[in-house]
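Novice: Before I ask anything, here is the structure I am working with.
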Amino acid sequence: MKCNVGTIDRTLRIVAGLILIALAATGTVGVWGWIGVVPLLTGIFRFCPAYPLLGINSCSKDGAGASCCKK
């Protein structure tokens, strides 16, 4: 898997996923809140399976060519 989720995108996915899961766990939004697992996992693994299909890559590249996924 090639990384395709950038830092800001990753942060937003993790936060949104955690919020949806918390709302589902408390019964505020019902069962559909468990869909928050999807953005949480895509944020953690820095890979979104829909991005290659849509031609999107939110990883920015600097002048040296280093991607956001470089450790």
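The values are calculated or read from the model by the stated rules, or taken from the named source; none is laboratory data. Note that the coordinates shown come from a computational prediction; the quantities given were computed from them, not determined experimentally. Note that each Cβ is placed from the backbone with ideal geometry, even for glycine, and that neighbours are counted across all protein chains shown.
Novice: Could you tell me which numbered condition V31 fails, if it satisfies all but one of (1) over 26 Å from K61 (Cβ atoms); (2) in contact with a Gly (Cβ under 9 Å, 6 or more places away or on another chain); (3) β-branched (V, I, T)?
Specialist: (2)
Novice: Moving on to the next point. Just checking, which of I35, I8 is without any contact (Cβ under 8 Å) to a residue 60 or more places away in the chain, surrounded by 12 or more Cβ atoms within 10 Å (Cβ to Cβ) and not small (G, A, S)?
Specialist: Working: I8 fails: surrounded by 12 or more Cβ atoms within 10 Å (Cβ to Cβ).
Just one listed residue meets the conditions, I35.
Novice: Only residues that are assigned to a loop (DSSP other than H, G, I, E, B), modelled with pLDDT of 95 or more and over 17 Å from the mean Cα position of the chain (by Cα): list them for the stretch 21-56, please.
Specialist: Correct list: T26, G27, T28, V29.
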